[in-house]
Amino acid sequence: MGDVDGARVLVVEDDAALRDVIARGLRQAGFDVVTAGDGSGALRAAGAGAGAGFSAVVLDIGLPDSDGRDVCQALRARGIDVPVLFLTARDQLHDVLSAFAAGGDDHLAKPFHVSELLARLGAMIRRGAPRAAVADTALRLDPADHALAGPAGRQPLTPTEYRLLAALMAASGQVVRRRTLVAAGWPHGALVAENTLDQYVARLRRKLAAAGDDERAIATVHGVGYRFA
Ligand code: CA
């Protein structure tokens, strides 16, 4: 796997023994590894954004301070567009589907063999995951308490508001279809009335304004969806 030599990988896992096994396996395979034990640590390691230079992220879904899917969305909203491989405790379909809706590229159910993790990680990095550039914004999403932080302060978000805003921010400048937003914001299979999504977006607009970034807004694209720009 010469083409992944020296590639920098962020490993986020709260089980210290498993984290060590993964880190050791990746280092032996030539990866440069940075570890974190929770979502806050992951976001600190990622720093301001794309500049942290990671080639991929291995991200446990069950973290002590946050849901790994929300951490992934926070990374995406900061413009970190590298492949993300989720680790799931249970091989449950709804977890896997919502992991993809949250911006994940692959997943691996525990227990797994490190050689399988290495194979998938190498394939993900070689394949790459080009995404749209994210607009530079002073807004930050905090997955630990589902908050939006901006120049004028913090705004609490519900988990659904958080996931909708993260999906919009991660695709900033582009139209996000209504069904994509529903898949990001609600559990798989949830029946969401047409105007429910609009009510959520109306609340998000108020919270964006209160967080103090007047430059950014959610535009309605009639009959299609919404665009954060
Ligand atoms: Ca865990």
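Structure notes:
- Taking the range 46-60 as the range and being touching a helix residue (DSSP H, G or I) at 6+ places or on another chain (Cβ under 7 Å), open to solvent by 10 Å² or more (accessible area, probe 1.4 Å) and either within 16 Å of the ligand (Cβ to nearest atom) or in a helix (DSSP H, G or I) (or both) as the test, only Ala52 passes.
- Some residue of the range 161-180 being open to solvent by 40 Å² or more (accessible area, probe 1.4 Å), touching a residue at least 60 places away in the same chain (Cβ under 8 Å) and among the basic types (Lys, Arg): yes
- Being more than 30 Å from Gln28 (Cα to Cα) and modelled with pLDDT under 90 holds for only one residue in Thr137, Thr196, and it is Thr137.
- Sole exception among (1) part of a helix (DSSP H, G or I); (2) open to solvent by 10 Å² or more (accessible area, probe 1.4 Å); (3) in contact with a strand residue (DSSP E or B) (Cβ under 7 Å, 6 or more places away or on another chain); (4) aliphatic (A, V, I, L, M) for Val82, by number: (1)
- Among (1) surrounded by fewer than 17 Cβ atoms within 10 Å (Cβ to Cβ); (2) over 15 Å from the mean Cα position of the chain (by Cα), the one test that Leu18 misses: (1)
- Checking the range 61-75 against the condition returns a match, with at least one residue being closer than 16 Å to Leu141 by Cβ and in contact with a His (Cβ under 9 Å, 6 or more places away or on another chain).
- Meets criteria (closer than 24 Å to Glu215 by Cβ and surrounded by fewer than 16 Cβ atoms within 10 Å (Cβ to Cβ)) for Gly153: yes
- Some residue of the range 207-215 being free of Cβ contacts under 8 Å to residues at least 60 places away in the same chain and either open to solvent by less than 20 Å² (accessible area, probe 1.4 Å) or closer than 26 Å to Gly104 by Cα (or both): no
The values are calculated or read from the model by the stated rules, or taken from the named source; none is laboratory data. These figures come from a predicted structure and were not determined experimentally. Virtual Cβ from ideal backbone geometry, glycine too; neighbours counted across all protein chains shown. Quick note on the areas: whole protein, heavy atoms, side chains included, nothing else; ligands and nucleic acids left out. Shrake-Rupley method; radii C 1.70, N 1.55, O 1.52, S 1.80 Å.
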